[in-house]
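Here's the structure, in structure tokens; my notes come after.
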Amino acid sequence: MTLDNKTSKYKIILGSNYIYKEIMVWETRVSEKEKEVSDLSIQVQNLKITLNIFLGEYNLRVGLLYVELDKLKVRIKEYQLRVNLARGKRISPENLKTIEKEVSETFSQERFKIDELENEAFKSSEEYKKHSEEEKKWSFDGKFQEELKTLYRKLALKFHPDRAKDEKQRKQFNKIMAQINEAYRNGDLKTLRKYMKQAEREEKIAKETPEEKLSRLKEEYKTLLSIIAELEGESEDLKASETYKLKERVDLAKKEGRDLLQDLSDDIKVEIAENQTKLDELVEEYKRMIGDLVY
């Protein structure tokens, strides 16, 4: 073997050693960021679940009472308008129809919004009841909880939309992640296991040269940094929400031996009673004004 051939072979070995060392470095970096993404994913999802559960409890104990109070206040305004429109007039059936039409048109939007709020509060409170019942079945099973979290960590990393290769796959990952999040929220191990098997089948990366692998690792690292920033931003947004702030106040009150939600509930019930009395008085006044006419 000539000197030139020996030198060329030596350079190839050096180059090969260098790229494999680089691959090891980047594999370590990627692995560290993957763990960070996994931990952040489960933190964000747990925070969402916690806030949804709290919101359900709030709506069950307080939110539906607020809706009842809002309904009463609208009815009071309706009767105040009826009384104002009827005052000083001799009411005929035609007058009555005109009054009812104006009342309906004036408050239709307000009633629609209250109905929407009621539907949301009712749905949220029902989900809370359902979750409370389901939680009793599996919350004390340590092995169940551990497998649930482990599978979710891996799947949230594997199917994060930012790791999609193209727009078609991004849409697919978005759909899969929605199902994974729901399964985690409901303690549905069967669904998580199904997606884990799918992920394991797809994890076989095609043969690639060392240069291609190094390039892929560097791209993955950049993607992971982007996902981390996104998750951190999502976490900050959740903690800045009114629901989170209220939960903090409720938790602080609990440490002080107070049930803040019960206090709110008691206050609203007093206000409901006061408004009901006011409404009853207006109804009686209007009935006197229209006499025997039925509206």
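FYI, it's all coordinate maths here, none of it is from the lab. From a predicted model like this one, the values you see are computed outputs, not experimental measurements. Cβ coordinates were reconstructed from backbone atoms using ideal geometry, including for glycine residues, and neighbour counts include every protein chain displayed.
Give me the net charge for the shell around Tyr66: Cβ to Cβ below 12 angstrom, other residues only, Lys and Arg +1, Asp and Glu -1.
So the surrounding residues net to -2.
Provide the packing ranking of 251-261, 69-79, i.e. peptides ordered by the mean count of other C-beta atoms within 10 Å per residue, highest first.
The most tightly packed comes first, giving 69-79, 251-261.
For every other residue with a beta carbon closer than 14 angstrom to the beta carbon of Leu217, add +1 if it is Lys or Arg and -1 if Asp or Glu, then tell me the sum.
Around Leu217, the surrounding residues sum to -1.
Kirkwood Rh, the chain, all Cα pairs: how many Å?
Taking the inverse mean of 1/r over all distinct Cα pairs, the chain comes out at 25.0 Å.
Between Asp292 and Gln276, with labels modelled 7 Å along Cα→Cβ, what's the label distance in nm to one decimal, could you check?
Each label point is offset 7 Å from its Cα along the Cβ direction, giving 3.2 nm.
For segment 219-273, what does the alpha-carbon gyration tensor say about shape, rounded, prolate or oblate, given a ≥ b ≥ c as the root eigenvalues, a/c under 1.5 as rounded, and a/b over b/c as prolate?
Because a/c hits 1.5 or more and a/b exceeds b/c, segment 219-273 counts as prolate.
Need the list of aspartates and glutamates near Lys190 for cross-linking: C-alpha distance under 13 angstrom, and skip anything on the same chain fewer than eight residues off.
The qualifying aspartates and glutamates are Glu147, Glu182.
Using Cα positions and a limit of under 24 Å, work out the lysines in reach of Lys21, with same-chain residues fewer than 8 apart set aside.
Lys6, Lys9, Lys11, Lys33, Lys35, Lys204, Lys207, Lys213, Lys218, Lys222
Could you grab the Rg to Rh ratio for segment 18-110? Cα atoms only, Kirkwood for Rh.
Here Rg/Rh amounts to 1.59.
For labels at Ala240 and Lys207 in the simple 7 Å Cα→Cβ model, what's the distance in nm?
So the label points at Ala240 and Lys207 sit 5.1 nm apart.
Where the Cα atoms of segment 189-261 are projected onto their three principal axes, how long is each span, largest first, in whole Å?
64, 31, 17
Give the calculated FRET efficiency between Thr191 and Lys123 to the nearest 0.05, with a Förster radius of 30 Å applied to their Cβ-Cβ distance.
Efficiency at R0 = 30 Å is approximately 0.85.
Report, to the nearest 10°, how far helix 210-239 tilts away from the longest principal axis of the Cα atoms in the chain, using its own Cα long axis and a range of 0 to 90°.
20 degrees
Suppose we look only past 14 Å in the calculated P(r) of segment 144-227. What percent of the Cα-Cα pairs does that tail hold?
67 percent
Arranged from highest to lowest average of other beta-carbon atoms within 10 Å per residue, in what order do the peptides 43-52, 279-288 appear?
43-52, 279-288
Work out from phi, with θ = phi - 60° and the Karplus expression 6.51 cos²θ - 1.76 cosθ + 1.60, the ³J(HN,Hα) of each residue of segment 163-180, listed in order in whole Hz, and give x for Gly and Pro.
Here the 3J(HN,Hα) series is 9, 5, 7, 8, 5, 4, 5, 4, 4, 5, 5, 4, 5, 5, 5, 4, 6, 5 Hz.
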